[in-house]
Amino acid sequence: MNILLFGPQGSGKGTQAELISKKLNLFHLSTGDALRSEIKNDTDLGRKVKNIINVGSLVSDDIINDIVLSKYNIISSDKTYNGVIFDGYPRSYDQWLFVQKHFKIDAALEIHIEDEESVHRISSRRMCTTCGKNYNLMWLKPAIDGHCDIDNAALITRDDDKPVEIRKRLAIYHSQTAPLKIEYKKVGILHVIDGSKSIEIVNNDVMHVLNSLK
Ligand code: AMP
């Protein structure tokens with residue numbers, strides 16, 4: 001089973017992707033995480049995309065499609081997983097064309113929240129500088145203020161989570177990513193989940209949809 005998971009920044013799609021991937025034994029393929037790992041490892045690609053990400057713009061379709069296809073090929077060749085959950089991909093029409101050409105998609109799940117909620121949630125988001133784990137000062141606090149529960153490293157606000165950048169990312173989401181819903185509807189794979197509820201309730205709603213597809 002291959003799933004597309006999308007929603008505005010702060011909708012909780014990363015958290016839901018983790019939960020779903022464990023329950024259904026799917027590989028969690030987050031393009032944002034893959035890019036942040038390139039930046040952290042200071043690779044050529046990481047240096048190329050760092051500024052683009054920090055100002056809240058989208059990385060080029062060619063770069064993203066290459067990353068996704070190469071990861072997908074590795075995952076599908078070792079048969080460990082029952083499929084892939086694409087988190088934050090596709091984000092543009094050209095990426096969607098690429099998806100259709102290369103992957104069979106069973107469901108596209110939108111985790112829906114309003115923009116004001118998104119800005120509010122993102123302003124409370126913190127990330128570990130070492131392992132990348134996400135926290136939220138409203139509902140997923142670290143045990144020790146400002147430090148990661150896993151490795152005790154410092155927690156920071158991502159550059160692209162700052163107010164100007166987050167507004168820009170939301171505008172891009174509405175102009176390029178959300179319109180893909182029309183395409184998902186056309187091919188009968190769109191499911192909309194209310195993301196304003198608790199993590200547990202959202203996950204129950206998501207699992208209800210996914211279990212009905214089995
Ligand atoms: P995320 O963690 O999913 O919010 O992604 C962080 C940033 O990585 C985005 O703001 C983009 O700059 C870049 N990015 C992640 N996924 C994509 C994608 N599918 N297409 C283009 N850029 C992406």
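The values are calculated or read from the model by the stated rules, or taken from the named source; none is laboratory data. Here the structure is a predicted model, which means the values were calculated and not measured. Neighbour counts are summed over all protein chains in view; Cβ atoms, including those assigned to glycine, are modelled from backbone coordinates with ideal geometry.
Cβ-Cβ below 6 Å, separation at least six or inter-chain, first residue in the range 18-30 and within 17 Å of E200 (Cβ to Cβ), second crowded, with 16+ Cβ neighbours inside 10 Å: which pairs? Final answer for the pair search is L19/N203; I20/I85; S21/H28; S21/I85. Of all residue pairs spaced 6 or more apart or on separate chains, those with beta-carbon atoms under 6 Å, a first member in the range 40-69 that is on the phi > 0 side of the Ramachandran plot and a second member that is at pLDDT below 95 and within 12 Å of the ligand (Cβ to nearest atom) are G56/D160; G56/E165; G56/K168; G56/R169. Of all residues in the range 113-153, those being free of Cβ contacts under 8 Å to residues at least 24 places away in the same chain, surrounded by 13 or more Cβ atoms within 10 Å (Cβ to Cβ) and charged (D, E, K, R) number 3. Of everything listed in (1) in contact with an Asp or Glu (Cβ under 9 Å, 6 or more places away or on another chain); (2) part of a helix (DSSP H, G or I); (3) buried (at least 16 other Cβ atoms within 10 Å of the Cβ); (4) among the hydrophobic types (A, V, I, L, M, F, W, C), the single unmet condition for I201 is (3). Only one entry in I166, I172, I156 is touching a Ser or Thr at 6+ places or on another chain (Cβ under 8 Å), among the aliphatic types (A, V, I, L, M), surrounded by 15 or more Cβ atoms within 10 Å (Cβ to Cβ) and under 26 Å from C131 (Cβ atoms), namely I166.
Candidates D42, D61: the one that is surrounded by fewer than 16 Cβ atoms within 10 Å (Cβ to Cβ) and either touching a helix residue (DSSP H, G or I) at 6+ places or on another chain (Cβ under 9 Å) or modelled with pLDDT of 95 or more (or both) is D42. Residues considered: S30, S11, S21. Of these, the only one that is crowded, with 17+ Cβ neighbours inside 10 Å, in contact with a Phe, Trp or Tyr (Cβ under 7 Å, 6 or more places away or on another chain) and of a type in the set (G, A, S) is S21. Would you mind telling me which numbered condition in (1) within 15 Å of the ligand (Cβ to nearest atom); (2) surrounded by 14 or more Cβ atoms within 10 Å (Cβ to Cβ); (3) more than 14 Å from L4 (Cβ to Cβ); (4) hydroxyl-bearing (S, T, Y) S70 fails? For S70, the failing item is (2). Of the residues making up the range 73-112, those that are more than 14 Å from the ligand (Cβ to nearest atom) and assigned to a loop (DSSP other than H, G, I, E, B) are K79, T80, Y81, N82, G83, K104, I105, D106.
For the range 19-37, the candidate set comprises residues that are charged (D, E, K, R) and either at pLDDT 95 or above or touching a Leu at 6+ places or on another chain (Cβ under 6 Å) (or both); within that set, the residue that is nearest to the ligand (Cβ to nearest atom) is K22.
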